[in-house]
Amino acid sequence: MIRHARIICLLGVWILVLLLLGLKLPQVVWNSSITAALPSAQEPWQQQLLKQNRSSRQFSLLLSGPDTVDLQGVAQQLQQHLQEGVTWHQPLELMQMLQQQYQAYQGQLASDEHWDLLSRGEYEALIQSAWQRILSPAPMLDQALVLDPLLLTQQYLEQQSGGYRQLRPALMGLEGRSGDRAVLLLSAELAYDPFERQQAQILDDTLTRQIDELRRQWPDLQVNRSGVLFHAVAAAQTARSEMTLFGGLSALIILLMLVLVFRSLKPLLLSGVVMLISVTTGLAALLLFFPQPHILALVFATTLIGIAVDYSFHGMVSANQSAERFRSMLPSLTLGLLSTLLGYLLLIWLPFSLLQQVAVFIAGGLVAAYLSVWVLYPYLIKAGQLPVSRWACAVSHHLALRIDRTRRHQAIFLLLVAVVIAVGSYLANSVFTDSVRAFNQTPALLAEQELQVRQLGAQPWNSRFLVVLADDIEAVLQQEEMLKPQLRQWQQQGVLSGWQALSDRVPSHERQAALQQMLGQAYQSPVVQQFLDELGLETPPPALSNLDPESLQLFTQQHLVPVGEQLASLIFLSGVEGDAHVMQDSVMQDRVMKEELDKWPQVHWFDPVGDADNSISEIREQLGIWILLALGLSVLLLSWRLGPARSAATLLYLLIAMAGSLAFSQWFQSQLTLFNLVAVLLVLALALDYAVFFASELPLPEVIQAVSLSALTSGVAFGLLSFSQTPAIAAFGLTVFSGVALAALFAPLISCISGRGKR
Amino acid sequence: MKAKQLLILAGALSCCLLFAAALAADSEIQLPDWQGLDGRVNFTQHKHISGLKKPVLSSGYLLLEDEQLLWHTQKPLSSQVLISAVGVSQLTDGGIDGSADGTANGSSEAIAGSEIIGQLLLAVLQQRTAFLNQYFTLTSVGEDCFELRPHQPPVDQFFTQMTLCGDQTLNTINLLEHNGNRTLIELNQAAIKVEEEAGADIEVKTE
């Protein structure tokens with residue numbers, strides 16, 4: 001009766017879970033960017049900037065070919081076919097728009113160099129410069145000499161560039177040459193997030209088809225791609241194919257194993273039921289708490305399969321003996337569940353969204369796996385119903401005998417030696433890297449294309465910015481203008497090679513007014529008067545209105561971002577080479593320079609990638625502490641059930657598994673990352689499970705069967721992950737694989753130390 | 001009847017072909033077989049700039065090489081401009097070194113957006129008809145002159161027309177800008193001929 005009630009409750013809850021999935025799953029937007037799953041910036045304005053930053057929506061196509069290829073025609077066709085959700089940049093139109101705007105405000109804009117000359121009263125140099133411009137055959141702005149005899153604005157306009165290096169604005173994009181090949185760079189912005197997989201995939205497929213068609217016409221045409229869009233699509237394709245491959249292979253190998261051991265498909269069905277309930281419950285828990293989950297959380301979900309199968313093996317093996325044996329197994333299973341849950345739930349307190357998602361998924365799935373084993377297996381498995389193959393029985397009995405023959409002091413000695421080697425290797429050799437770039441790997445072809453685009457200087461800006469925060473545009477522009485001398489100083493010192501600020505395009509009203517005043521004085525001077533007389537010009541009247549940033553929308557939107565009630569202006573930087581922290585080191589660690597930046601409380605250093613690296617580092621340190629805490633708490637929990645001797649042995653054994661897995665990963669991968677540490681948490685969970693069962697009073701052959709099956713299936717599942725092309729996943733898989741192997745190898749020593757009576 | 005119809009059809013086709021050939025002849029520039037300009041060419045430039053009562057007169061020489069042109073103004077003041085496919089660059093800190101060919105030295109910075117101007121001037125002086133065909137429509141005006149009207153951006157955004165005149169070599173280039181500015185460039189591979197019409201042009205009093 002009670003059993004039936006439990007089954008009905010379990011099925012009832014599961015139906016609710018399925019309903020929840022049915023509602024949520026069609027609407028969920030899966031995130032596939034590793035960096036998107038990283039901890040967010042500390043300051044609220046930084047978080048808003050990251051959210052509103054549209055730089056990830058930019059992408060470029062570099063067309064190149066011999067002069068026989070009609071690159072303009074190719075560009076036209078590409079732009080015609082890729083219109084939906086794409087806005088193509090037209091650099092020439094931008095420059096022409098700038099010219100039109102400046103045309104109306106001649107005499108109100110001047111370069112920094114001319115500003116300095118004007119402020120120092122060095123009018124001869126300005127006149128010389130104006131004469132050279134007049135005598136040049138290049139065309140001039142309309143009414144340039146009438147409105148601005150010194151041609152300050154004419155020359156100011158001519159110094160404006162898009163920050164391009166070897167390329168120049170042309171009709172469809174930026175054109176130039178690279179060796180003997182003509183090049184044309186097209187740039188565009190997506191209307192949607194490049195991590196919206198479906199749309200991004202459609203665009204990528206359309207582009208590929210177009211390029212293939214164009215290559216039939218122009219076999220020498222080469223198209224290089226650059227932009228987050230292509231990396232996101234590649235990452236999503238890799239994640240999908242790996243999920244299918246690894247998940248499919250895992251399932252196949254587990255199936256084979258079950259058939260070999262049990263010579264029946266029923267264990268497969270029984271494990272399948274537990275896995276289905278646990279995975280669906282884990283997924284429902286994930287979607288309930290995280291509206292925009294990360295696809296990597298699903299990749300790590302293969303870990304749940306390993307643990308869920310482990311529970312089902314313990315349940316199957318014990319229930320197959322008798323109902324009483326099953327009941328005596330339950331406390332160990334419960335202890336294993338509690339200790340594992342403890343370890344994973346600690347992850348929720350870390351400010352790392354991806355880890356929180358993994359924790360919720362696995363916690364939900366584990367509880368479901370436990371409950372389904374507890375409720376269903378006594379009902380579904382009768383004693384002796386699952387014939388275990390003879391060779392499996394023989395092997396487990398043989399191993400049990402060998403373990404029984406091992407003396408206690410031998411087991412302790414082995415544990416001590418192993419822990420010294422494992423912990424010593426880890427402490428001596430471990431090198432952690434906290435660079436976010438180490439988590440993902442771009443396909444080689446795409447990386448090469450990206451490099452070729454960057455080498456042409458199409459995207460000269462680094463991923464680090466200076467940010468000016470102010471209440472309105474005028475305040476922002478004034479702040480930037482005050483900062484300019486400092487930027488020039490840093491440029492001379494080689495800290496940076498260039499910058500682009502909004503105030504480079506449109507000066508503040510204050511500056512425009514100051515220029516008018518200085519010009520007024522200049523026009524009164526004898527030398528400028530003589531210049532005007534030679535040209536037969538009158539002194540121009542003062543300007544009636546100022547150039548407003550709103551007139552240059554296309555430029556202001558590149559720099560200005562509203563953050564709350566303030567405006568943030570991004571100053572793009574270039575030439576901040578080498579280590580991500582070079583500038584920060586130069587500025588922040590050098591006290592003099594830090595003081596110089598401190599003079600402007602409204603100016604902030606913003607390095608999203610560097611900040612992410614710092615956050616990763618902090619999280620890794622915290623996670624290390626959490627792992628040790630989880631280890632301590634688990635051992636304390638065990639000591640309550642197992643007593644001090646077995647707990648101490650368990651502690652040594654756990655250290656072997658954890659430190660040994662990290663040492664092995666270090667040796668194999670040359671460096672460790674945060675994800676190796678995350679894997680250690682799972683190693684702890686599985687190793688604890690094995691320890692609990694080997695320390696229990698359950699018959700050793702049964703324990704060996706269950707643990708061996710669990711270790712083999714987990715080893716397969718995680719060993720496959722270590723072949724992933726994504727470094728983060730590969731690191732995770734390798735650590736779990738080596739940890740499980742070590743755990744399975746040394747777990748029997750606990751039973752030697754336990755001095756178990758029943759065999 | 002049938003033969004008559006065929007004859008009329010043949011005649012119509014011939015007319016069409018002739019018309020098409022004429023159109024093609026008009027749309028594709030066939031500049032006269034002028035002697036190519038190379039090496040050092042003297043120039044006089046008259047710039048009629050809107051707002052100025054008198055044109056600005058300057059003179060100097062051009063040094064023409066394969067892919068670039070040095071525009072060295074000697075009067076009214078010394079100024080050097082490097083013109084290439086990259087654009088028009090004002091040479092700074094420059095001066096003529098002692099060499100006989102007057103090679104300029106000094107750093108240069110291309111004026112943003114002037115690439116098309118540089119390509120245009122090179123194309124005109126070196127008679128690169130492929131470039132000119134891409135951007136202009138040619139009309140013959142008089143015996144020795146040709147009017148080129150731009151029909152494609154970005155050239156059509158700077159100039160409304162360009163007139164080239166010359167007998168055996170290209171002698172004059174007349175550039176008319178949208179804003180009304182006009183530049184007359186007279187070329188001479190002989191000695192410098194500086195026209196000094198009294199009071200007609202602006203001269204700079206050097207200090």
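Numbers at a glance
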item: Among residues of segment A:499-549, those that are in a loop (DSSP other than H, G, I, E, B), within 14 Å of another protein chain (Cβ to nearest Cβ) and among the acidic types (Asp, Glu), counted; result: 1
item: Number of the exception - A:ALA428 against (1) without any contact (Cβ under 8 Å) to a residue 24 or more places away in the chain; (2) surrounded by 13 or more Cβ atoms within 10 Å (Cβ to Cβ); result: (2)
item: Residue check, A:ARG6 under 30 Å from A:GLU618 (Cβ atoms), modelled with pLDDT of 80 or more and either in contact with a strand residue (DSSP E or B) (Cβ under 9 Å, 6 or more places away or on another chain) or surrounded by 15 or more Cβ atoms within 10 Å (Cβ to Cβ) (or both); result: no
item: Enumerated strands (runs of 3 or more DSSP E) restricted to segment B:43-87, each holding at least 1 residues that are in contact with a Pro (Cβ under 7 Å, 6 or more places away or on another chain), hydroxyl-bearing (Ser, Thr, Tyr) and at the interface with another protein chain (Cβ under 10 Å from one of its Cβ atoms); result: B:56-64
item: Failed item, numbered, when B:THR169 is tested on (1) within 13 Å of chain A (Cβ to nearest Cβ); (2) among the β-branched types (Val, Ile, Thr); (3) touching a residue at least 40 places away in the same chain (Cβ under 8 Å); result: (1)
item: Entirely in segment A:228-308, the helices (runs of 4 or more DSSP H) that have 1 or more residues that are within 18 Å of A:PHE737 (Cα to Cα) and hydroxyl-bearing (Ser, Thr, Tyr); result: A:228-262
item: Selection status of A:VAL279, closer than 19 Å to A:SER250 by Cβ, at pLDDT 80 or above and surrounded by fewer than 18 Cβ atoms within 10 Å (Cβ to Cβ); result: no
item: Residue pairs meeting the criteria (Cβ under 6 Å; at least 6 apart or on separate chains; first touching a residue at least 60 places away in the same chain (Cβ under 8 Å), in segment B:128-139; second among the aromatic types (Phe, Trp, Tyr)); result: B:LEU138/B:PHE146
item: Within segment B:122-166, tally of residues that are assigned to a loop (DSSP other than H, G, I, E, B) and more than 10 Å from chain A (Cβ to nearest Cβ); result: 7
item: Selected residue [under 29 Å from A:ARG325 (Cα atoms), assigned to a loop (DSSP other than H, G, I, E, B) and over 34 Å from the mean Cα position of the chain (by Cα)] from A:LEU698, A:LEU709; result: A:LEU698
item: Residue that is surrounded by the fewest Cβ atoms within 10 Å (Cβ to Cβ), among those in segment A:179-214 that are over 25 Å from A:TRP499 (Cα atoms) and among the hydroxyl-bearing types (Ser, Thr, Tyr); result: A:THR208
item: Test result for B:LEU91, in contact with a Gly (Cβ under 8 Å, 6 or more places away or on another chain), within 14 Å of chain A (Cβ to nearest Cβ) and at pLDDT 90 or above; result: no
item: Breaking point among (1) touching a residue at least 12 places away in the same chain (Cβ under 8 Å); (2) within 26 Å of A:THR238 (Cα to Cα), for A:ALA182; result: (2)
item: Long-range neighbours under 9 Å by Cβ, at least six apart or interchain, first residue at negative phi and among the acidic types (Asp, Glu) within segment A:732-759, second surrounded by 23 or more Cβ atoms within 10 Å (Cβ to Cβ) and modelled with pLDDT under 90; result: none
item: Candidate set from segment A:532-560 (those that are surrounded by fewer than 19 Cβ atoms within 10 Å (Cβ to Cβ) and touching a strand residue (DSSP E or B) at 6+ places or on another chain (Cβ under 7 Å)); member that is farthest from A:ASP471 (Cα to Cα); result: A:GLU534
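The values are calculated or read from the model by the stated rules, or taken from the named source; none is laboratory data. This is a predicted model, so every value here is computed, not measured. Reconstructed Cβ throughout: ideal geometry from the backbone, glycine too, with neighbour counts over all protein chains shown.
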